[in-house]
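*Asks:* Take a look at this one; I'll ask things after.
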Amino acid sequence: MILVIDDEEAIRETLYDILTMAGHEVTVASGGREGLDYFERDRYDLVITDLRMAGMSGWDVAWAVKESHPDIPVILITGVVTQLDEEKLRECKIDRVIPKPFSIELIFRALSETLKQSS
């Protein structure tokens, strides 16, 4: 099961459609706190989170996920890839970064590679 956290409805819906089309069960959350509430209640194989969200950033989400379940991969989606702090990526244990805008092929490839590495 995959948890998608993004405050942009269009992105959430796009990722939901792409991932369900690939046969995955997907839960979507509109923000970090809502996403972590889902994460605490259910077992997920992967978390995909936006970086810049109001209230709780993707950094905060990734840190919380990895703190409680270090084996669960976290993919960060962002429109500011060139401005990412490499140290912060390591500190939050981000498994992969996907730049916006993204393609279906990029999502499939990142998903496949990330899930393969975690198994």
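The values are calculated or read from the model by the stated rules, or taken from the named source; none is laboratory data. Treat the numbers as computed from the prediction; the structure is a model and nothing was measured. Because the Cβ atoms are built from the backbone with ideal geometry, glycine has one as well, and the counts that use them run over all protein chains shown. Note: areas computed on protein heavy atoms with side chains; ligands, DNA, RNA excluded. Shrake-Rupley method; radii C 1.70, N 1.55, O 1.52, S 1.80 Å.
*Asks:* Which value, in nm² and rounded to one decimal, describes the direction-averaged projected area of the C-alpha convex hull of segment 18-78?
*Replies:* Result: 4.1 nm².
*Asks:* Setting aside same-chain residues fewer than 8 positions from Lys100, which lysines have a Cα under 21 Å from its Cα?
*Replies:* Leaving aside lysines fewer than 8 places away in the same chain, those within reach of Lys100 are Lys88.
*Asks:* Moving on. Using a 1.4 angstrom probe, figure out how much accessible area segment 1-75 has per residue, in square angstrom, rounded to the nearest whole.
*Replies:* Solvent-accessible surface per residue comes out at 48 Å².
*Asks:* Could you pull out every whole DSSP H run in the chain that spans at least 24 Å of Cα extent along its own axis and averages 1.6 or higher on the Kyte-Doolittle scale?
*Replies:* Taking the DSSP H segments of the chain (at least 24 Å long, mean hydropathy at least 1.6), we get none.
*Asks:* Now, a different point. Under 5 Å between amide hydrogens, which residues at least 5 positions from Arg96 or on another chain qualify, with H placed 1.01 Å from N in the peptide plane?
*Replies:* Residues meeting the criterion, in which the H sits 1.01 Å from N, are Val74, Leu76.
*Asks:* Taking the Cα centre of segment 21-90 as origin, work out the dipole magnitude from +1 charges on Lys and Arg Cβ and -1 charges on Asp and Glu Cβ, in debye rounded to 20.
*Replies:* 100 debye
*Asks:* How big is the dipole moment of the chain about its Cα centre under a simple scheme where the beta carbon of each Lys and Arg is +1, that of each Asp and Glu is -1, and everything else is neutral? Debye, nearest 20, please.
*Replies:* In debye, rounded to 20, the chain gives about 260.
*Asks:* Report, to the nearest whole %, how much of the accessible area of the chain belongs to carbon and sulfur atoms, 1.4 Å probe, protein only.
*Replies:* Ligands and nucleic acids excluded, carbon and sulfur give 48 percent.
*Asks:* So, one more: Charges at C-beta only: +1 for Lys and Arg, -1 for Asp and Glu. How large is the resulting dipole of segment 1-62 about its Cα centre, in Debye rounded to 20?
*Replies:* Using Cβ point charges on Lys, Arg, Asp and Glu, segment 1-62 gives about 140 debye.
*Asks:* Something else: May I have the pair-distance distribution P(r) for the chain, computed from all Cα-Cα distances with 5 Å bins from 0 and rounded to whole percent?
*Replies:* All Cα pairs considered, the percentages come to 2, 12, 25, 28, 22, 9, 1.
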